[in-house]
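Working notes for the structure below.
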Amino acid sequence: MRSLYVHPAVPWVTTVARLVVAGVLIVAGWLKIGTPALSVQAVKAYELLPVSVATAVGYGLPILEIVVGVLLVVGLLTRAAGAVSALLMLAFVAGIASAWARGLRIDCGCFGGGGKLADGQEPGYLWEILRDGGLFLLGAWITRFGPGRLALDSALGLAPGREVDDDEGDDLATATT
């Protein structure tokens, strides 16, 4: 039964992952929400979506980022918020990789701005893919191990228990995350 053992540090690692992803999402959303036209421009620059869908995504994305970020900070609906954040990061990686593969020279628009780059400016696609890939892994971790410490999910009894070894190491006891 040793395979059911979860290291005691996992809830703290999950909490740090929650706060890192939340911080990035909140900052990204906050920087875009005040200039929705630039957010729409950034989404359109990827040339992946029909104009009407790109417009809706451009307006809605900053709100979604902030809402998911806040849910992660407070640890409410943590696994769902982690899954949404992971899916967002996966979509961002795919969009950036697609732009790179098609030879587009755009600013990702991840933290505001976006659109075509000026002459002499070079895109940072590799760095952006690595960053968002790392954030995807954190989102997947949150989804798998959910809510961690200092989370409303735990306080409200919404988080299932996890299995940990007891002091004797023979039996498994249920503990809350």
Subset of region 5-54 (residues that are among the hydroxyl-bearing types (Ser, Thr, Tyr) and closer than 24 Å to Leu71 by Cα): Thr14, Thr15, Thr35, Ser39
Of the residues in region 43-57 that are over 15 Å from Ala97 (Cα atoms) and open to solvent by less than 60 Å² (accessible area, probe 1.4 Å), the one that is nearest to the chain's Cα centre (by Cα) is Val57
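Yes or no, residue by residue, for (1) under 14 Å from the mean Cα position of the chain (by Cα); (2) open to solvent by 70 Å² or more (accessible area, probe 1.4 Å); (3) free of Cβ contacts under 8 Å to residues at least 12 places away in the same chain; (4) over 28 Å from Trp12 (Cβ atoms):
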site: Ile96; (1), (2), (3), (4): no, no, no, yes
site: Gly103; (1), (2), (3), (4): no, no, yes, yes
site: Gly112; (1), (2), (3), (4): no, no, no, yes
site: Gly134; (1), (2), (3), (4): yes, no, yes, no
So Gly60 clears everything in (1) farther than 15 Å from Gly112 by Cβ; (2) touching a Phe, Trp or Tyr at 6+ places or on another chain (Cβ under 7 Å); (3) free of Cβ contacts under 8 Å to residues at least 40 places away in the same chain except one condition, right? Which one? (2)
Matching residues in region 10-30 (open to solvent by 50 Å² or more (accessible area, probe 1.4 Å) and touching a Pro at 6+ places or on another chain (Cβ under 8 Å)) number 1
Pairs returned, first residue in region 13-32 that is under 11 Å from Gly148 (Cβ atoms), second residue that is open to solvent by 10 Å² or more (accessible area, probe 1.4 Å) and in a helix (DSSP H, G or I), beta-carbon separation under 6 angstrom, 6 or more apart or interchain, are Thr14/Phe145; Ala17/Leu138; Ala17/Trp141
Considering only helices (runs of 4 or more DSSP H) wholly within region 42-153, the ones with at least 3 residues that are among the aromatic types (Phe, Trp, Tyr) are 125-145
Which condition number in (1) crowded, with 16+ Cβ neighbours inside 10 Å; (2) closer than 29 Å to Ala151 by Cβ; (3) not basic (Lys, Arg) is the one that Ile129 fails? (2)
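Here is a yes/no grid of residues against (1) at pLDDT 95 or above; (2) within 13 Å of Ala22 (Cα to Cα); (3) crowded, with 22+ Cβ neighbours inside 10 Å:
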{"residue": "Leu38", "(1), (2), (3)": "no, no, no"}
{"residue": "Tyr59", "(1), (2), (3)": "yes, no, no"}
{"residue": "Val70", "(1), (2), (3)": "yes, yes, no"}
{"residue": "Val74", "(1), (2), (3)": "yes, yes, no"}
{"residue": "Ala81", "(1), (2), (3)": "yes, yes, yes"}
{"residue": "Ser85", "(1), (2), (3)": "yes, yes, yes"}
{"residue": "Met89", "(1), (2), (3)": "yes, yes, yes"}
Just to be sure before I move on: is Glu65 within 30 Å of Gly157 (Cα to Cα), surrounded by 18 or more Cβ atoms within 10 Å (Cβ to Cβ) and acidic (Asp, Glu) in the structure I sent? yes
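The values are calculated or read from the model by the stated rules, or taken from the named source; none is laboratory data. What you see is a predicted model; the values in this text were computed from it and never measured. Note that we place each Cβ from the backbone using ideal geometry, even for glycine, and neighbour counts take in every protein chain shown. Just so you know, the surface numbers come from the protein's heavy atoms only, side chains and all, with ligands and any DNA or RNA stripped out. Shrake-Rupley method; radii C 1.70, N 1.55, O 1.52, S 1.80 Å.
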